Amino acid sequence: MKSFPSCLASVMMTSIGVLLLSLVAAMSVYADMNLECGPGFVTVVWTEHRAQVDTSLFRLGNCYPTSLSAREAVFNVDVNDCHFKRLVTGNQMTYTNDLVYISSPDSHIAPFTHPVVCVYERPKDWYPMIYDPVFNTYGDGELVFHIGLMNDDFSGPAESTSFPLGSFIPVMASVEQKTHQPLLLLLEECVASTTPELQPGSRMFPIITNKGCLMDSKVARSRFEPRQKSSEIHLSLQTFRFALGEEVFIHCQLVAWAPELLDHTMKACHYVKDYGWVLLDNPDYNNLCDCCESSCKSRRRRSTISGNHGIMQKAVLGPLTITDVTS
């Protein structure tokens with residue numbers, strides 16, 4: 001039996017959430033939005049009660065209304081159109097967009113935006129073309145780990161596994177926590193290799209070493225991107241000359257860790273030119289990164305990693321190829 005997608009339309013909350021709720025309540029007096037998330041399509045009907053609003057000025061992403069009346073703007077569109085953003089987390093596929101009123105220069109109705117969100121159950125046989133479930137999804141009890149290549153803004157999977165020398169390889173790792181206590185995802189170690197399994201004689205290029213130090217950021221522009229969720233970590237890895245033109249695999253040790261227990265061995269640090277080492281999650285504790293220039297050790301017994309504080313998981317990303325466009 002096929003499962004039907006669920007639909008959700010919500011207002012994004014900020015630190016001034018009470019004020020936003022008041023604004024939304026006021027808007028509901030003047031308009032209604034009906035949202036239908038069908039298999040592969042989205043229907044949005046905005047019904048406006050203010051005569052001053054020009055319904056032709058509504059946009060869903062970059063799409064114009066498919067039909068109009070004096071009081072309604074209707075969009076019947078495909079989820080692959082209109083610049084919908086797709087996020088895949090576990091068994092869910094979430095498509096998000098913005099319904100925007102662009103207003104006109106002589107109007108006293110201010111422009112406004114309303115989020116559109118559709119949540120679907122991920123088909124069991126669906127994977128982005130670069131995601132190989134053998135290599136890229138890992139389970140450990142209540143935790144499920146993922147790692148994948150992303151597009152430039154981390155809004156969806158990469159369209160290619162080939163990267164020209166000098167460009168960036170966007171890597172996202174995540175952990176589904178289900179009923180587990182909230183955990184922080186870290187990359188303890190990552191190395192590039194030409195083999196899907198590390199062997200004693202494997203050729204290797206170190207990327208992250210010394211318990212979370214992005215060593216490649218000292219010699220290149222590689223960096224951790226600002227964290228959006230504690231359960232995800234984004235890495236912009238500048239391409240390297242290692243194994244040019246060959247298949248490359250990135251081997252990582254992922255750690256889901258209690259966020260209040262960061263120390264010299266549980267951290268995410270990258271180097272900023274003319275400043276020094278920076279801790280991704282709290283620059284007030286950049287001193288945790290000082291050991292990146294030597295050896296990062298802790299008095300905490302390593303056995304706690306398998307207890308209540310966190311879980312480690314090995315993951316492999318690839319194959320990908322780095323090309324030299326000048327050759």
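The values are calculated or read from the model by the stated rules, or taken from the named source; none is laboratory data. Predicted, not measured: the structure shown is a model, and the values here were computed from it. Glycine also receives a Cβ, built like all others from the backbone with ideal geometry; neighbour counts cover every protein chain displayed. Please note that ligands, DNA and RNA were not included when accessible areas were found on the heavy atoms of the full protein model with its side chains. Shrake-Rupley method; radii C 1.70, N 1.55, O 1.52, S 1.80 Å.
Points worth noting:
- Net charge of Cβ neighbours under 14 Å - reference ALA31; Lys, Arg +1; Asp, Glu -1: -2
- Accessible area (Å², 1.4 Å probe, nearest 10) - VAL88: 40
- Accessible surface of MET150 - all protein chains present, 1.4 Å probe, nearest 10 Å²: 10
- Accessible carbon and sulfur surface of the stretch 31-121 relative to its total accessible area, %, 1.4 Å: 50
- Ranked order, ARG122, ARG223 - accessible area, probe 1.4 Å, largest first: ARG223, ARG122
- Amide H contacts under 5 Å for PHE112, placed H, 5+ residues apart: TYR101
- Remark: the SER107-THR94 segment gains 1.2 nm on full extension, using 0.36 nm per residue and subtracting the alpha carbon distance.
- When the surface is traced with a 1.4 Å probe over the full set of protein chains, PHE240 keeps roughly 10 Å² accessible.
- If you sort LEU99, LEU262 by accessible surface, 1.4 Å probe, largest first, the order is LEU262, LEU99.
- Electrostatic bookkeeping for PHE205 treats Lys and Arg as +1 and Asp and Glu as -1; over the other residues with beta carbon under 15 Å from its beta carbon, the sum is -1.
- About its Cα centre, the dipole of the stretch 184-327 is roughly 340 debye, where the only charges are +1 on Lys and Arg Cβ and -1 on Asp and Glu Cβ.
- Exposure rank, largest accessible area first [LYS314, LYS218; 1.4 Å]: LYS314, LYS218
- When the stretch 31-121 is reduced to its Cα atoms, the Kirkwood hydrodynamic radius in Å: 13.6
- Two-site FRET efficiency, SER69 against ASP263, from Cβ-Cβ distance with R₀ of 41 Å, rounded to 0.05: 0.10
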